[in-house]
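J.: Sharing a structure, written as structure tokens. Questions coming.
Derivation of every value follows stated rules applied to the coordinates shown; laboratory data play no part. These figures come from a predicted structure and were not determined experimentally. Methodologically, a virtual Cβ is constructed for each residue, glycine included, from the backbone with ideal geometry; neighbour enumeration extends over all protein chains shown.
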Amino acid sequence: MIIDGKKISGIIKEEVKEEAAELLKLGLKPTLAVVLVGLDPASMVYVKNKKLACSQTNIGSISYELPESTTEEELLSLIDNLNNDKSINGVLVQLPLPAHIDENKVILKIKPEKDVDCFHPVNVGLLQMGAGSLLPCTPAGIIELLKRSGIEISGKNCTVVGRSNIVGKPVASLLLKENATVTITHSKTKNLSEILQNADIIVAAIGKACFITREMVKEGAVIIDVGINRIGGKLYGDVDFEGLEGKASYITPVPGGVGPMTIAMLMKNCLNACKQQNNNI
Ligand code: NDP
């Protein structure tokens, strides 16, 4: 079965829209500030999509499109202002930043309560403790895809391929929280195919087109493909989608699988941040 991320993300956005409308009745407008520095074309598209999603879900958005020449000090000072502005509930600085700005300093500057990307070490730590309230968007989206497709996670062997701070490590934490038995693999892992043979659920976050092939996975495995690889204008996942036909029990397509979930979960974080900043209303 193909897991339809477009459909599931649409349902989540609808839920956020309804809840945000309820908050509006109480005089609260969940609002996201998006900061973009420079003219990176991919980042510009991401920012545009985030603003669009805000407008679809009753979330307010304010964007700051700053020139490439913006200094680190100027950016940190803007974040300070946004941190202190009560009308802003979420602060998102689009990465990557120009080379003269230290990304780590920027991530550390965002108030954890407003860190809707969940990159701040406080939120990363809370996630490890299973206590996070703002969750990393792509990993949380993966858990939603599994749950809303009726796939049991508890007690399952889950193998995550990739150990990045954005996808691999946090999705492993969330799967563990859902009581899966989690194996994390990476480029130095020996005998990946053997490990995958034991996996009921595979999350592929590698960044290599069609890397996971039919013979690597066991019959009936659930495959979540996070990869986005553009080759000759076409998008490919990290999994050989066509090759897995008839072998996987559930699989996410690329595009239309994990991708749309990331923005939906960002909207959910904005809503939750607003609620938490207003006495957990
Ligand atoms: P990174 O490049 O940060 O991490 C890739 C991971 O894959 C690393 O941990 C690396 O191991 C591992 N890896 C590389 N080669 C192998 C191999 N041969 N065998 C096993 N593991 C390997 O990428 P991200 O995690 O940021 O992203 C992964 C993919 O997901 C990309 O295609 C990206 O575009 C996509 N993505 C999609 C999102 C969405 O919304 N759908 C959101 C974020 C990312 P090591 O650590 O040893 O180098």
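J.: Using the structure shown, list the pairs from 105/234; 13/109; 48/247; 7/109; 105/190 with a Cα-Cα distance above 31 Å, or answer none.
T.: Flagged as over cut-off: 105/234; 48/247; 7/109; 105/190.
J.: Related question: Would you pull out the residues with amide H under 5 Å of residue 278's amide H, same chain only if 5 or more places away, H placed 1.01 Å from N?
T.: none
J.: The chain: D in µm²/s via Stokes-Einstein (Kirkwood Rh, Cα pairs, 4 °C, 1.567 mPa s)?
T.: Estimated via Stokes-Einstein, D reaches 66 µm²/s.
J.: For residue 63, list long-range residues whose amide hydrogen, built 1.01 Å from N in the peptide plane, is under 5 Å from its own amide hydrogen.
T.: Residues meeting the amide H criterion: 34.
J.: Taking Cα atoms, how many degrees apart are the long axis of helix 168-177 and the longest axis of the chain, rounded to 10 and kept between 0 and 90?
T.: It works out to around 80 degrees.
J.: Which of the three applies to the stretch 222-262, rounded, prolate or oblate, going by the alpha-carbon gyration tensor with a ≥ b ≥ c and a/c under 1.5 meaning rounded?
T.: oblate
J.: Something else now. Once R0 is set to 45 Å, what does the formula 1/(1 + (r/R0)^6) return for the Cβ-Cβ distance between residue 176 and residue 69, expressed as a FRET efficiency to the nearest 0.05?
T.: 0.55
J.: Classify the stretch 147-267: rounded, prolate or oblate, from the alpha-carbon gyration tensor (a ≥ b ≥ c, eigenvalue square roots; a/c under 1.5 rounded; otherwise prolate if a/b is larger than b/c)?
T.: Rounded shape, in that the Cα axes give a/c under 1.5.
J.: Compute the acute angle (0 to 90°) between the alpha-carbon long axis of helix 259-277 and the principal axis of greatest extent of the alpha-carbon atoms of the chain; round to the nearest 10°.
T.: It is inclined by approximately 40 degrees.
J.: Please give the contour-minus-distance gain from residue 103 to residue 247: 0.36 nm per residue of separation, less the Cα-Cα distance, rounded to one decimal in nm.
T.: 47.7 nm is the gain from fully extending residue 103 to residue 247.
J.: Which percentage, to the nearest 5, of the DSSP beta bridges contained in the chain is antiparallel?
T.: Around 10 percent of the beta bridges assigned by DSSP in the chain are antiparallel ones.
J.: Here's a follow-up. Name the long-range amide H neighbours of residue 236: under 5 Å, sequence gap of 5 or more, or other chain; modelled H, no Pro or chain starts.
T.: HN-HN under 5 Å from residue 236: 229, 230, 231.
J.: Let me ask another. Short version: ³J(HN,Hα) in whole Hz for each residue of the stretch 9-19, in order, from phi by Karplus 6.51 cos²θ - 1.76 cosθ + 1.60 (θ = phi - 60°), x for Gly and Pro, what are they?
T.: Result, ordered by residue: 5, x, 5, 5, 5, 5, 5, 4, 4, 5, 5 Hz.
J.: Angle between the Cα long axis of helix 72-84 and the longest principal axis of the chain, 0 to 90 degrees, nearest 10?
T.: Taking the Cα atoms of the chain, the angle to 72-84 is about 80 degrees.
J.: Checking a compactness column here: for the stretch 1-106, what do you get for Rg(Cα) / (2.2 N^0.38 Å), N being the number of residues?
T.: Ratio of Cα Rg to 2.2 N^0.38 Å: 1.22.
J.: Under a crude label model (7 Å from the Cα following the beta-carbon direction), how far is residue 152 from residue 39 in nanometres?
T.: Each label point lies 7 Å from its Cα, and together they span 5.6 nm.
J.: Taking 0.36 nm per residue of sequence separation and subtracting the Cα-Cα distance, how much length would be gained by fully extending the chain between residue 76 and residue 165, in nm to one decimal?
T.: 29.8 nm
J.: Classify the stretch 160-204 as rounded, prolate or oblate from the Cα gyration tensor: take a ≥ b ≥ c as the square roots of its eigenvalues, call it rounded if a/c is under 1.5, otherwise prolate when a/b beats b/c and oblate if not.
T.: Cα axes put the stretch 160-204 in the oblate bin.
J.: Mind ordering 253-263, 150-160 by average Cβ neighbours within 10 Å, highest first?
T.: The packing order, highest mean first, is 253-263, 150-160.
J.: Quick one: what are the phi-derived ³J(HN,Hα) couplings along the stretch 36-50, Karplus 6.51/-1.76/1.60 with θ = phi - 60°, whole Hz, x for glycine and proline?
T.: My calculation for the stretch 36-50 gives 10, 10, x, 10, 4, x, 5, 5, 4, 5, 4, 5, 4, 5, 5 Hz in order.
J.: Another question, then. Determine the calculated [θ] at 222 nm for the chain from helices alone, applying -39500 (n - 2.57) to every DSSP H run no shorter than 4 residues and normalising by the residue count; nearest 500 deg cm²/dmol.
T.: -12500 deg cm²/dmol
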